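To start, the structure under review is shown below, and the notes come after it.
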């Protein structure tokens, strides 16, 4: 009788099944939570808030400093850029009606008082007598209105000259500030045509009347009887004292800072 040997094999391990614990209490895995990112985010928010507060304080301080400087400055000065170099105009007029002849005047030309500038040939008659045109005063021609042989009428302005040795600044000051301006007050002058050159002067005249008469204009609403007053400006004459060697020509724009103690 044959003998048979039976071999029993252990079942293969399931790879999905974890091996059993070899003693002790089984330990469950616990997910780990990171707290570093929220901490950094909170610090960034605090830093941003502090930075915004610092910037706001700096801006506020600058505003306060500018406002204080402005009011301190405005207490001692009346400032306007509504100013221009001015002088007495010398009008050269036609002495009679007729045709202008021998007119040699040009802009920029210096003329002397009594100098012959041209002749006017009178109309009518064969002889056509001529009348001499003379310079009424010495000055420099700024405007020349005659070109060639033209017909002119008696009293017509032929040219305009200025005495450049006697110029001044006409500044128009608002009526609300003109009460702070007094004759004799020193003035700092800046001419647009001479940037960087500081000139000085003195107030010589504060006119009693406004630059324009008081005018009433209708308002923008539909009621034509509802009128409003426009702003008024008082002319103030300023005599230049120091010009830095620069020549002032009528028509130049200027900005003036009038010193005042009021």
Residue 113 and residue 241 label points (each 7 Å along its Cα→Cβ direction) are spaced in nm at 2.9
Rounded to one decimal in nm, the spacing of the 7 Å Cα→Cβ label points at residue 104 and residue 165 is 2.3
Under the 7 Å Cα-to-Cβ spin-label approximation, residue 151 and residue 53 lie apart by a distance in nanometres of 8.8
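Quote the FRET efficiency, to the nearest 0.05, computed for residue 89 versus residue 202 with a Förster distance R0 of 22 Å and r equal to the Cβ-Cβ distance. Please list the in-between numbers first.
Numbers: r = 23 Å, r/R0 = 1.06.
Efficiency, rounded to the nearest 0.05: 0.40.
Each reported figure results from applying straightforward, stated rules to the coordinates on display, with no laboratory input. None of the values given here were measured: they were computed from a predicted structure. We place every Cβ from the backbone using ideal geometry, glycine too, and count neighbours over all the protein chains shown.
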